[in-house]
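For reference, the structure discussed in these notes is given below.
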């Protein structure tokens, strides 16, 4: 009986393993295998093989494979052709590494339904005996002055054409594996990265048009839910339009409220004013437009998406666009002009006020204008104030260390980082020690510290807010920040396709997350339509009230 059962099980396995395998299934597995070998196989990761050409040579053989068994055999023979992988004894590091493994998962090597046992064993052996010398296609170096992550020696293919299936797959394979192994927040995505692979491969294999391929590459980058992350191509202007509106907007209550003018003269031509409330564009509500196009808009969280959605709402190919808007309680419809970006001739203030003292002996610091050489004078003038409001709603200059030294009475930790382990791609290591600043300082600032934030505070601004939060009496006022703290790495995937993402992880010293969450305000305040129309800065007003009353 037992013998019969065993024979039946073996036959079932053989039938299952010999069943037909689809192109999507083969290329899904191939995406993973190609990326794994690129960063793990000693004879590939050292640059000895032209890895792009190896892909182009293996793809026809993969296409010919009709079953899982044939697929596995093709891959096994390919791996054997790459040369011997020698076993080595792992040298234990002198200091114990503390790993961050929420992203790490190579279980697919042994769990795939399409891999033979011997193929899984080959891949596992490569994992265990992976390259330990310098990588050819990737580098991660702290202290270089630039972002630590660098993709290296990637051919850009100056003659790239979207009609070339091999090059489309190469671009996709590259990008998917960049994120798979080197995006520290992969575990936080709304959708599992493996699912995104299966979802988008059909549009890469057989796109309906160049537009479909280009938009697919854009959409993939949006799927990683990172305010730093988006893929750009010149064709996006062809599809969405290269003409811009001459004013800035903020989405409030599903309406686009004008909050600033890029050029007073151009705004006057279209008769648009700060406080105008745009309810429809070309007959569609703001909510309808965002719903249709949000898959093209980057953002770690909803406030970031809404901030970055302006171009999908207002950009176009024509020189004018019809809007429905509210002004003085009346609804009207009219056309406004759009311009090429260079023709906007954006007007910037000639001189920004760096700091001032408000009524009630309250200091106000404009982080966007403050430079490191200004800090001694700032300290001299604001040291006796009751409170200081640091406006962190724009990108601050690199002044936080000098300020934090003054605001803290002793050395203080404010951040903890994770870095990619290039010797074990996909794994991350907690950087030894926490980021800190300060010294024993009996003359530290004794007043209240207030930090203003909103969705415009991203990356460096969030880092600055974390530093200011270490002061003995800090209160954060405003709304959710951009939720993308860490170096923004910008790179080229292939000719015509540039992209970016956050390349190392930033946490509070207790390992509390910031990515996607942002800096959480102690007192939440959001601008209102009425406040904008009345010319108020409601976030600053609330901060002044807190500085005066303590509540």
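When 251, 274 are screened for being over 18 Å from residue 315 (Cβ atoms), at pLDDT 95 or above and not assigned by TED's automatic domain parsing to the domain that holds residue 26, only 274 passes.
Segment 1-67 holds helices (runs of 4 or more DSSP H) entirely within its bounds, and those carrying 1 or more residues that are modelled with pLDDT under 95 and surrounded by 15 or more Cβ atoms within 10 Å (Cβ to Cβ) map to 2-17.
Only a single item in (1) exposed (fewer than 14 other Cβ atoms within 10 Å of the Cβ); (2) part of a helix (DSSP H, G or I); (3) in contact with a helix residue (DSSP H, G or I) (Cβ under 8 Å, 6 or more places away or on another chain) is not met by residue 161, and it is number (2). Read through the list (1) in a loop (DSSP other than H, G, I, E, B); (2) in contact with a strand residue (DSSP E or B) (Cβ under 8 Å, 6 or more places away or on another chain); (3) touching a residue at least 40 places away in the same chain (Cβ under 8 Å), then give the number of the only condition that residue 300 fails. In the conditions (1) in a loop (DSSP other than H, G, I, E, B); (2) in contact with a strand residue (DSSP E or B) (Cβ under 8 Å, 6 or more places away or on another chain); (3) touching a residue at least 40 places away in the same chain (Cβ under 8 Å), residue 300 misses (2) alone. Residues being buried (at least 21 other Cβ atoms within 10 Å of the Cβ) and closer than 19 Å to residue 185 by Cα are represented in segment 489-499 by at least one member. Looking at residue 476, is it in contact (Cβ under 8 Å) with a residue 60 or more places away in the chain and buried (at least 19 other Cβ atoms within 10 Å of the Cβ)? Against the criterion (in contact (Cβ under 8 Å) with a residue 60 or more places away in the chain and buried (at least 19 other Cβ atoms within 10 Å of the Cβ)), residue 476 does not qualify. Hey, can you tell me all the residues within segment 179-203 that are in contact (Cβ under 8 Å) with a residue 60 or more places away in the chain and either within 16 Å of the chain's Cα centre (by Cα) or assigned by TED's automatic domain parsing to the domain that holds residue 511 (or both)? Those that are in contact (Cβ under 8 Å) with a residue 60 or more places away in the chain and either within 16 Å of the chain's Cα centre (by Cα) or assigned by TED's automatic domain parsing to the domain that holds residue 511 (or both): 179, 180, 181, 182, 183, 184, 185, 186, 187, 188.
Applying the condition of being within 19 Å of residue 490 (Cβ to Cβ) and exposed (fewer than 12 other Cβ atoms within 10 Å of the Cβ) to segment 128-151 and asking which residue is nearest to the chain's Cα centre (by Cα) yields 146. The condition (being closer than 21 Å to residue 454 by Cβ and touching a residue at least 60 places away in the same chain (Cβ under 8 Å)) is satisfied by just one residue among 345, 307, 356: 307.
For segment 523-534, the tally of residues that are loosely packed, with under 14 Cβ neighbours inside 10 Å and closer than 29 Å to residue 415 by Cβ stands at 1. Here the condition is being under 20 Å from residue 337 (Cα atoms) and touching a strand residue (DSSP E or B) at 6+ places or on another chain (Cβ under 6 Å); of 245, 278, it holds for 278 alone. Checked across segment 479-486, the condition of being modelled with pLDDT under 95 and either surrounded by fewer than 22 Cβ atoms within 10 Å (Cβ to Cβ) or under 16 Å from residue 103 (Cβ atoms) (or both) holds for at least one residue.
Among the residues of segment 404-425, not one is more than 28 Å from the chain's Cα centre (by Cα) and either more than 14 Å from residue 471 (Cβ to Cβ) or outside the structural domain of residue 455 (by TED's automatic domain parsing) (or both).
Those residues that are within 16 Å of residue 115 (Cβ to Cβ) and touching a strand residue (DSSP E or B) at 6+ places or on another chain (Cβ under 8 Å), I need them from segment 21-51; list them, please. Within segment 21-51, 21 is the sole residue that qualifies. Just so you know, in segment 262-297 the residues that are in a strand (DSSP E or B) and touching a residue at least 24 places away in the same chain (Cβ under 8 Å) include one that is nearest to residue 537 (Cα to Cα), and it is 277. Number of residues in segment 420-455 that are modelled with pLDDT of 95 or more, assigned to a strand (DSSP E or B) and surrounded by fewer than 21 Cβ atoms within 10 Å (Cβ to Cβ): the value is 3.
Screening residue 374 against (1) modelled with pLDDT of 95 or more; (2) surrounded by 18 or more Cβ atoms within 10 Å (Cβ to Cβ) leaves a single unmet condition, (2).
The selection criterion, being touching a residue at least 12 places away in the same chain (Cβ under 8 Å) and either in a strand (DSSP E or B) or closer than 23 Å to residue 142 by Cα (or both), does not hold for residue 410. The condition (being in the same structural domain as residue 441 (by TED's automatic domain parsing), at pLDDT 95 or above and either on the phi > 0 side of the Ramachandran plot or touching a helix residue (DSSP H, G or I) at 6+ places or on another chain (Cβ under 9 Å) (or both)) is satisfied by just one residue among 401, 364: 364.
Looking at segment 87-104, can you tell me whether even one residue there is in contact (Cβ under 8 Å) with a residue 60 or more places away in the chain, part of a loop (DSSP other than H, G, I, E, B) and buried (at least 16 other Cβ atoms within 10 Å of the Cβ)? Looking through segment 87-104, at least one residue is in contact (Cβ under 8 Å) with a residue 60 or more places away in the chain, part of a loop (DSSP other than H, G, I, E, B) and buried (at least 16 other Cβ atoms within 10 Å of the Cβ).
Selection within segment 68-77: residues that are in contact with a helix residue (DSSP H, G or I) (Cβ under 7 Å, 6 or more places away or on another chain) and touching a residue at least 24 places away in the same chain (Cβ under 8 Å). The member of this set that is surrounded by the most Cβ atoms within 10 Å (Cβ to Cβ) is 75.
The values are calculated or read from the model by the stated rules, or taken from the named source; none is laboratory data. The structure presented is a predicted model; accordingly, all values stated were derived computationally and were not measured. Quick reminder, even Gly has a Cβ in these numbers, built from the backbone with ideal geometry, and neighbours come from all protein chains shown.
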